[in-house]
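What follows is a short report on a single structure.
The values are calculated or read from the model by the stated rules, or taken from the named source; none is laboratory data. Predicted, not measured: the structure shown is a model, and the values here were computed from it. As a convention, Cβ positions derive from the backbone with ideal geometry for all residues, glycine included, and neighbour counts pool all protein chains shown. These area figures cover heavy atoms from the full protein model, side chains too; ligands, DNA and RNA do not enter into them. Shrake-Rupley method; radii C 1.70, N 1.55, O 1.52, S 1.80 Å.
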Amino acid sequence: MACGAIAAVASLALLVLLGGGGHAAAGRRGDSAAMVIRRPSSSIPSFREAPAFRNGEECAGGRVDVAMTLDANYLRGTMAGVLSILQHTACPESVSFHFLAAGMDADLAAAVRATFPYLDLRVYRFDPSRVRGRISRSIRHALDQPLNYARIYLADTLPPGVRRVIYLDSDVVVVDDIRTLASVDLGGHVVGAPEYCHANFTNYFTDAFWSDPALNGTFHGRRPCYFNTGVMVMDVGKWRAGGYTRRVEQWMEVQKQTRIYHLGSLPPFLLVLAGDIQAVDHRWNQHGLGGDNVKGRCRGLHPGPISLLHWSGKGKPWIRLDARRPCSVDYLWAPYDLFRPSSPVLEE
């Protein structure tokens, strides 16, 4: 299929997807107070300023807290994710963003503030030394970066006033009202996420793990299923009270002694939580759009309703689009791209 035809089909699909989603609430906020926004340095990609979004009439209190990481390599994805959340919720002014950065890079924070000058946001420094000695080499270099493990320390980082948080990877776009995900009943569990019990769970761990009862016995009394940690709803208080950070760290320390898994931060989460989370509707993580972790081959959409698109895997939509080798699903990400090229892009 020609690129133009693919784009047309994808655009039509996007309209269908968004037709039943959350309510977009666009428009400039009429704040009269002067604001001073620090411009990012030239080393940071340039982005168009997003419109300001106003709350609808039905918004009466109730804040939604969203956490993401802030990394130069994924900044373009983060910007698209933030825009998608604001565009599809009826209460955008009620969404607070919490960004974890590997260092207090003022330019990254400035880029976000310049792009979203009315956004309620905080940036927190994540100390890479907390995990550097616990990280084991995985099948993909990007999975070995310390910031990929920051979600483990999320509850230890956020201020006391945050009782529930949605953690999102930087390669997602939300096409529904984020308040729906924020309000899911966790049923007393510490984490809620879409669960995939049809996946071959044994593949996530090595033969050394499955052959040692002292290790695989951790799943005794549980029916463990795979879940993707790129989209999670977390009860922050329960995480702290249950000492979950330390429990995940302990499995990372076991991995340093005996290789029991191949991926990055996902397996220790599964070891602690698989079979003990609140299952969330699959529409909230249409994952795998980035292909596998080795080749990043194109994948299509899974059947069913969609509230969140997730380019987990090696392939990222902004990279494939820039290289003019996009997958058809990448055109669903493109409308949220605020990137402003430094030089004109010439069409062939």
Subject >> Listed peptides 213-226, 272-285 by packing density, highest first (mean Cβ within 10 Å) >> reply: 272-285, 213-226
Original post:
Which whole-number percent gives the relative contact order of region 59-101, counting Cα pairs below 8 Å spaced six or more residues apart?
Top reply: 65
Subject >> Long-range amide H partners of ASP65 with built H, under 5 Å >> reply: SER96, ILE166
Subject >> lysines whose Cα lies under 30 Å from that of LYS295, excluding same-chain neighbours fewer than 8 positions away >> reply: LYS256, LYS314, LYS316
Subject >> Exposure of THR180 as accessible area (Å², to 10), given a probe of 1.4 Å and all protein chains >> reply: 70
**OP:** Indicate the gyration tensor shape class of region 71-182 (rounded, prolate or oblate), computed on the Cα atoms with a ≥ b ≥ c the square roots of the eigenvalues: a/c under 1.5 is rounded; otherwise a/b larger than b/c is prolate and the rest oblate.
**Re:** prolate
**OP:** Taking amide H positions as placed in the peptide plane 1.01 Å from N, state which residues far from ALA102 in sequence (5 or more) or on other chains have amide H under 5 Å from it.
**Re:** LEU70, PHE126
Original post:
Which whole-Hz ³J(HN,Hα) couplings does region 163-178 yield from phi under the Karplus relation 6.51 cos²θ - 1.76 cosθ + 1.60, θ = phi - 60°, glycine and proline marked x?
Top reply: 9, 9, 9, 9, 9, 10, 5, 8, 10, 10, 10, 9, 10, 8, 6, 4
**OP:** Pull up all non-local amide H partners of VAL123: gap of 5 or more, or a different chain, and H-to-H distance under 5 Å with H placed in the peptide plane.
**Re:** PHE99
Subject >> Spin-label pair ASP281/ASN73, simplified geometry with 7 Å Cα→Cβ offset, distance in nm >> reply: 3.5
Original post:
At what distance in nm do the modelled label points of SER183 and ASP127 sit from each other, each positioned 7 Å from its Cα along Cα→Cβ?
Top reply: 4.0
Subject >> Hz values of 3J(HN,Hα) by residue in region 57-63 - Karplus curve (6.51, -1.76, 1.60), Gly and Pro given as x >> reply: 5, 7, 7, 9, x, x, 9
Original post:
Does anything in region 273-289 have its amide N under 19 Å from the 7 Å Cα→Cβ label point of ALA323, and if so which residues?
Top reply: 288-289
Original post:
Between region 89-121 and region 219-239, what's the alpha-carbon centroid distance in Å?
Top reply: 27
**OP:** Compute the Cα gyration tensor for region 64-106, then decide on rounded, prolate or oblate, letting a ≥ b ≥ c be the square roots of its eigenvalues: rounded whenever a/c is under 1.5, prolate when a/b is larger than b/c in the other cases, and oblate in all that remain.
**Re:** oblate
Original post:
Which FRET efficiency, nearest 0.05, do LYS256 and LEU301 yield, Cβ-Cβ r, R0 51 Å?
Top reply: 0.85
**OP:** Leaving out ligands and nucleic acids, note down the accessible area per residue over region 165-281 with a 1.4 angstrom probe, in whole Å².
**Re:** 38
